[in-house]
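The values are calculated or read from the model by the stated rules, or taken from the named source; none is laboratory data. All figures in this text were calculated on a predicted structure; none of them were measured in a lab. So basically every Cβ, Gly included, is an ideal-geometry build from the backbone, and we count neighbours across all protein chains shown. The area values use the complete protein model at the heavy-atom level, side chains included, leaving out ligands, DNA and RNA. Shrake-Rupley method; radii C 1.70, N 1.55, O 1.52, S 1.80 Å.
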Amino acid sequence: LRDRTHIANNGTENLYEGRLMLSGDATVTFNKDNAITRLRENGEKYEHSNLLITGNNNKINVNAIVKCANLRVYGGETVSADLDLVLSNSKDDVIIFTAITSDSAKSTINIENFENERIFVKTEADTFKLNSNYTIKADKADELEFVAGTYGTSKGFWLNAVAVPEPAEWAVIFGAIALGLAVYRRRK
């Protein structure tokens with residue numbers, strides 16, 4: 001994917017970043033680590049490429065370590081866009097973003113074969129929050145959150161499942177609270 005400068009009629013320059021665009025009913029499979037390379041105009045390589053998603057029924061199969069500068073879901077103010085992100089069965093396969101953004105009225109990412117510490121957002125920011133019009137769902141987790149961590153030497157956030165206590169754990173928690181209250185009342 002090569003960056004190109006476009007010069008408009010008024011003489012202004014716009015740099016069109018090298019990006020892979022899925023525009024509806026599109027499927028891409030990554031079988032090799034960082035299989036897509038983004039090149040500067042002078043031929044130098046970037047570490048990451050860009051992914052632009054627009055329209056519905058897009059799918060990315062991740063069977064490698066994939067590094068993307070930005071996952072941008074675009075649909076406009078009234079249009080929705082979605083992506084199915086299918087992870088392999090190998091825990092070594094990770095997809096890394098430096099940003100996840102959306103210009104769509106409603107953006108949905110559905111993750112199949114979800115496991116903790118497989119999707120990483122590389123950022124120096126202290127917190128990470130998605131746009132309010134973004135929904136990320138996973139087949140093996142009811143609730144998801146971005147948890148601060150590292151990948152190699154990079155600082156960022158892993159997309160992990162929120163730990164929700166089982167009914168038996170709730171019983172233990174409430175039992176401990178009740179016992180604590182009973183001891184407190186007895187001492188009084």
Discussion item. Of the conditions (1) out of contact with any Phe, Trp or Tyr (no Cβ under 9 Å at 6 or more places or on another chain); (2) assigned to a strand (DSSP E or B), SER90 satisfies every one except a single condition; which number is it?
Written reply: (2)
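Check whether at least one residue in the stretch 100-107 is part of a loop (DSSP other than H, G, I, E, B) and over 29 Å from ASN133 (Cβ atoms), and report yes or no. Full working, then the answer.
The first filter runs over the stretch 100-107 and keeps only residues part of a loop (DSSP other than H, G, I, E, B), leaving 103-105.
Now drop any that are not over 29 Å from ASN133 (Cβ atoms), which leaves none.
Looking for residues that are part of a loop (DSSP other than H, G, I, E, B) and over 29 Å from ASN133 (Cβ atoms), one finds none in the stretch 100-107, hence no.
Conditions (1) within 21 Å of LEU144 (Cα to Cα); (2) at pLDDT 85 or above; (3) in a strand (DSSP E or B); (4) open to solvent by 50 Å² or more (accessible area, probe 1.4 Å), marked per residue:
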position: LEU52; (1), (2), (3), (4): no, yes, yes, no
position: LYS59; (1), (2), (3), (4): yes, yes, yes, yes
position: ASP84; (1), (2), (3), (4): yes, yes, yes, no
position: ASN110; (1), (2), (3), (4): yes, yes, yes, no
Worksheet item: Of all residues in the stretch 112-127, how many are over 24 Å from GLY24 (Cβ atoms), open to solvent by 50 Å² or more (accessible area, probe 1.4 Å) and either without any contact (Cβ under 8 Å) to a residue 40 or more places away in the chain or of a type outside the set (S, T, N, Q) (or both)?
Response: 6
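Where residues in the stretch 21-40 are part of a loop (DSSP other than H, G, I, E, B) and among the hydroxyl-bearing types (Ser, Thr, Tyr), which of them is most open to solvent (accessible area, probe 1.4 Å)? Write out each step before concluding.
Initial filter on the stretch 21-40 (part of a loop (DSSP other than H, G, I, E, B)): 23-26, 31-38, 40.
Adding the requirement that they be among the hydroxyl-bearing types (Ser, Thr, Tyr) leaves 23, 37.
Values: SER23: 79, THR37: 49 Å².
Among those residues, the one meeting the criterion is SER23.
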Practice prompt. Of the conditions (1) open to solvent by less than 40 Å² (accessible area, probe 1.4 Å); (2) under 19 Å from the mean Cα position of the chain (by Cα), GLY43 clears all except one; give me its number.
Written response: (2)
